[in-house]
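The values are calculated or read from the model by the stated rules, or taken from the named source; none is laboratory data. Quick caveat, the model's predicted, so the values are computed rather than measured. Glycine gets a Cβ as well: all are built from the backbone with ideal geometry, and neighbour counts include every protein chain shown.
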């Protein structure tokens with residue numbers, strides 16, 4: 001692990017990278033009466049891929065993303081669909097707090113480099129998750145504001161344009177290759193950090209520094 005550089009901004013994915021995103025545990029709980037234990041891991045993987053596919057088109061409210069993803073996954077597995085499951089997941093999202101390493105790791109850098117979030121969220125959800133991070137953020141952007149979800153380029157372009165910045169001004173930090181680091185690379189954000197939280201494999205082709213938790217971020221920017 002080597003020092004990357006001192007960026008103008010450090011931008012973050014929030015859900016999964018900073019916030020402990022609990023879609024799979026929610027699915028396991030809600031579908032325990034319909035999916036056999038030995039099938040649950042594959043069911044959760046199918047739910048995750050459905051969510052990714054749902055955000056690749058035109059923007060729609062996040063409730064609809066969850067609704068359509070749950071419906072598609074239930075239909076794929078030929079089990080009953082209940083909208084109550086959608087509501088339970090959607091309402092739970094703003095209650096989720098950070099991974100254990102996040103608050104302390106961010107506190108080391110928050111007063112030295114402006115921190116930015118670009119998240120696949122609705123404004124009214126994300127404000128609660130960000131409060132739980134306990135550090136000040138320079139700007140917080142959502143898919144609702146951008147009218148595009150990551151990995152669509154428009155989400156990143158909205159962040160860059162809103163800050164009056166250039167891709168080279170950023171160090172982008174995420175635990176997701178597919179949602180964040182691949183499209184960030186395509187858009188010219190050369191300085192990237194992969195937080196390996198175990199839910200996606202790394203892909204070294206895309207050029208990043210790898211850390212196991214946010215505590216490792218300070219060393220990458222020379223702090």
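Taking region 71-108, which residues are surrounded by 16 or more Cβ atoms within 10 Å (Cβ to Cβ), part of a loop (DSSP other than H, G, I, E, B) and under 20 Å from the mean Cα position of the chain (by Cα)?
96, 97, 99, 101
Somewhere in region 113-125, is a residue assigned to a helix (DSSP H, G or I) and more than 15 Å from the chain's Cα centre (by Cα)?
Our first condition is that a residue be assigned to a helix (DSSP H, G or I); within region 113-125, this holds for 123-125.
Next, only the ones that are more than 15 Å from the chain's Cα centre (by Cα) stay: 124.
Checked against the condition, which is being assigned to a helix (DSSP H, G or I) and more than 15 Å from the chain's Cα centre (by Cα), region 113-125 yields at least one hit.
State yes or no: is residue 140 modelled with pLDDT of 95 or more, assigned to a strand (DSSP E or B) and surrounded by 22 or more Cβ atoms within 10 Å (Cβ to Cβ)? Give the steps one after another, and end with the answer.
Details: modelled with pLDDT of 95 or more: yes; assigned to a strand (DSSP E or B): yes; surrounded by 22 or more Cβ atoms within 10 Å (Cβ to Cβ): no.
No; evaluated as a whole, the condition is false for this residue.
In region 15-47, how many residues are surrounded by fewer than 16 Cβ atoms within 10 Å (Cβ to Cβ) and either closer than 23 Å to residue 97 by Cβ or at pLDDT below 95 (or both)?
2
Could you give me the residue pairs with C-beta distances under 7 Å whose first residue belongs to region 47-65 and is within 15 Å of residue 90 (Cα to Cα), whose second residue is in a loop (DSSP other than H, G, I, E, B) wherever it lies, and which are 6+ apart or on separate chains?
The qualifying pairs are 61/122; 62/121; 62/122; 65/55.
Residue under question is residue 219, and the condition is that it be surrounded by fewer than 22 Cβ atoms within 10 Å (Cβ to Cβ), over 28 Å from residue 49 (Cβ atoms) and modelled with pLDDT of 95 or more; does it hold?
Numbers: surrounded by fewer than 22 Cβ atoms within 10 Å (Cβ to Cβ): yes; over 28 Å from residue 49 (Cβ atoms): yes; modelled with pLDDT of 95 or more: no.
Taking the combined requirement at face value, the residue does not satisfy it.
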